[in-house]
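Here's the structure we're looking at; comments come further down.
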DNA sequence: TTAATTTTGGTATTTATTACTATAAATATA
DNA sequence: TATATTTATAGTAATAAATACCAAAATTAA
């Protein structure tokens, strides 16, 4: 059934000209360090060819009997300890030649990457250090040249984050479970660019949406009057889920 | 290199337990018949097992050296004659067991579907009749039980259409190149549900966005005062592309 | 003790949305 | 032909929302 990759396939036989694939999942995992206002991406350093010593998105090849999501969760769980992470499929990259392990004559096995977009809480998660390679958080605006087409995948994920932040409550998946309104504001500033709105108006607009509940607890973060800690109320948000709304 | 699918793979050898895939593309192709206010999906009747005589999304398996998008365009071009069609990747479905051709013991070849979302203009496109199977437009709210997991894929595409219509100018990819404002309004009503807005206010909101240009030509569609034909001005829209805006 | 900083509540102005009205220009019909 | 009906289009008043500010409160920093 399978064509010998050394042989040119018979062009007349339709089934013979089909490509054979290995499928990988690659995760674009974001977190935000609110104390330094940094958007971070989890990268791992490759210890094997191809792209040995390059940094890449944490990923894995899909195993027999394994679903795509399971593969995504598996590689995530290997690298980071985080509960309540947000995960959604991002995009699939499968153009011929995207992996140097592919035969340059275009026959033989191809590598397709189904990418996933993940959000974890920086403060509540912990990198699991590996014995044979390094893992690290990288600032999203200071990324080295990555292995494969991972720059493109990362870029795709970064755009998803910026867009989706505007019309869905992604912010509350990267912020700590309890946060001040100023922290929400700074998050939006960091991701969407500095001067996108006035703080005072951002506050009232956000509160009017009605899904942030004041815990009553006050915290002091440096100088100034202490702020209330809020948390995201998913029940209060539920009825708004399918309505078109802008968060900014 | 390839595991014999009859044999249980060696669990100790990592590479042996990787799944082998064929990759298919399946297209969710929408159009809208504005004279009858119908949202249509292009389906084909399968003439082979599995799911012989079931209707399915038009798709194909990716060939050697072929990109995913090329495969999507190839199967599209085989089935429908349409210029200026809109195409974007939708989602990838690759869970084990989604295709009955897969071995039930979870070893052997798996079939992954990368789905694409397409919009064509009903009036300006033409189905290419095939000798060995039928192709037809089906009303989106009157779809038979489809082959494979194509119901799920179609559903995913239908949601994409409904959501994206609210914050991007998809409407002008399904409407004829020149249209009356009432036709835009009816399109939004048909897709988003009857009573979502007042016609008069919808008009002024849409016009204020500034990317519809009046051709000056008046047309009479049945009774009533003739309406202006408008067209979408992509240059005027360009600066708004990255701004968060609601069309409704 | 005073200055600086940050939160929070608030207001006036501008802008947008909404519900509605009126007129224009065609077709349908008696 | 005269009149009713239909649809397009412009416009308006009332309401709601967004925006640009302001000021008091409660803390830390000097």
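The values are calculated or read from the model by the stated rules, or taken from the named source; none is laboratory data. Source: prediction; values computed, not measured. As a convention, Cβ positions derive from the backbone with ideal geometry for all residues, glycine included, and neighbour counts pool all protein chains shown.
Take the conditions touching a residue at least 12 places away in the same chain (Cβ under 8 Å), within 16 Å of DNA strand C (Cβ to nearest atom), surrounded by 12 or more Cβ atoms within 10 Å (Cβ to Cβ) and within 14 Å of another protein chain (Cβ to nearest Cβ) and apply them to residue A:167. Does it pass?
Values: touching a residue at least 12 places away in the same chain (Cβ under 8 Å): yes; within 16 Å of DNA strand C (Cβ to nearest atom): yes; surrounded by 12 or more Cβ atoms within 10 Å (Cβ to Cβ): yes; within 14 Å of another protein chain (Cβ to nearest Cβ): yes.
So residue A:167 fits the description; yes.
Does residue A:151 count as closer than 30 Å to residue A:53 by Cβ and in a loop (DSSP other than H, G, I, E, B)?
Details: closer than 30 Å to residue A:53 by Cβ: yes; in a loop (DSSP other than H, G, I, E, B): no.
When the stated conditions are applied, residue A:151 does not pass them.
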Just one of (1) touching a strand residue (DSSP E or B) at 6+ places or on another chain (Cβ under 7 Å); (2) more than 13 Å from DNA strand D (Cβ to nearest atom); (3) outside the structural domain of residue B:101 (by TED's automatic domain parsing); (4) under 29 Å from residue B:76 (Cα atoms) trips up residue B:144, so point out which. (3)
Residue A:241 being more than 8 Å from DNA strand C (Cβ to nearest atom), surrounded by fewer than 11 Cβ atoms within 10 Å (Cβ to Cβ) and within 14 Å of chain B (Cβ to nearest Cβ): yes
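Every residue, every condition in (1) away from chain B (no Cβ under 14 Å); (2) modelled with pLDDT of 95 or more; (3) buried (at least 19 other Cβ atoms within 10 Å of the Cβ); (4) within 18 Å of residue A:97 (Cβ to Cβ), yes or no:
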position	(1), (2), (3), (4)
A:5	no, no, no, yes
A:11	no, no, no, no
A:16	no, no, no, no
A:27	yes, yes, yes, no
A:34	yes, no, yes, no
A:44	yes, yes, yes, no
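Restricting the search to the stretch A:170-180, which residues are more than 16 Å from DNA strand D (Cβ to nearest atom) and either surrounded by fewer than 19 Cβ atoms within 10 Å (Cβ to Cβ) or not in a strand (DSSP E or B) (or both)? Spell out the reasoning first.
Going residue by residue through the stretch A:170-180, those that are more than 16 Å from DNA strand D (Cβ to nearest atom) are A:170-179.
Within the stretch A:170-180, A:170, A:171, A:172, A:173, A:174, A:175, A:176, A:177, A:178 qualify.
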Can you say whether residue A:188 is closer than 28 Å to residue B:163 by Cβ and part of a helix (DSSP H, G or I), as far as the supplied structure shows? yes
Of everything in the stretch A:205-216 that's within 14 Å of DNA strand D (Cβ to nearest atom) and under 21 Å from residue A:243 (Cα atoms), which residue is farthest from the chain's Cα centre (by Cα)? A:208
Could you list, in sequence order, all residues of the stretch B:218-233 that are out of contact with any helix residue (DSSP H, G or I) (no Cβ under 9 Å at 6 or more places or on another chain) and away from DNA strand C (no atom under 12 Å from the Cβ)? B:229, B:233
Being surrounded by 11 or more Cβ atoms within 10 Å (Cβ to Cβ) and more than 11 Å from DNA strand D (Cβ to nearest atom) is the filter here; which residues of the stretch B:181-204 pass it? B:187, B:188, B:189, B:190, B:191, B:192, B:196, B:197
Total residues in the stretch A:99-141, condition in a loop (DSSP other than H, G, I, E, B), crowded, with 17+ Cβ neighbours inside 10 Å and in contact with a strand residue (DSSP E or B) (Cβ under 8 Å, 6 or more places away or on another chain): 8
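In this structure, is residue A:147 within 16 Å of DNA strand C (Cβ to nearest atom), closer than 18 Å to residue A:28 by Cβ, more than 14 Å from chain B (Cβ to nearest Cβ) and buried (at least 16 other Cβ atoms within 10 Å of the Cβ)?
On the way: within 16 Å of DNA strand C (Cβ to nearest atom): no; closer than 18 Å to residue A:28 by Cβ: yes; more than 14 Å from chain B (Cβ to nearest Cβ): yes; buried (at least 16 other Cβ atoms within 10 Å of the Cβ): yes.
Here the answer is no, as residue A:147 does not meet what is asked.
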Scanning for something surrounded by fewer than 21 Cβ atoms within 10 Å (Cβ to Cβ), more than 24 Å from residue B:164 (Cα to Cα) and at pLDDT 95 or above, does the stretch B:85-92 turn up at least one residue? no
Does the stretch A:75-89 contain any residue that is over 23 Å from residue A:40 (Cβ atoms), facing chain B (nearest Cβ under 7 Å) and in contact with a strand residue (DSSP E or B) (Cβ under 8 Å, 6 or more places away or on another chain)? no
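Does residue B:61 count as buried (at least 19 other Cβ atoms within 10 Å of the Cβ), at pLDDT 95 or above and on the phi < 0 side of the Ramachandran plot?
no
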In the stretch B:208-217, residue nearest to DNA strand C (Cβ to nearest atom) [restricted to those that are loosely packed, with under 13 Cβ neighbours inside 10 Å and not in a strand (DSSP E or B)]: B:208
Please work out if residue B:187 is within 16 Å of DNA strand C (Cβ to nearest atom) and in contact with a helix residue (DSSP H, G or I) (Cβ under 7 Å, 6 or more places away or on another chain). no
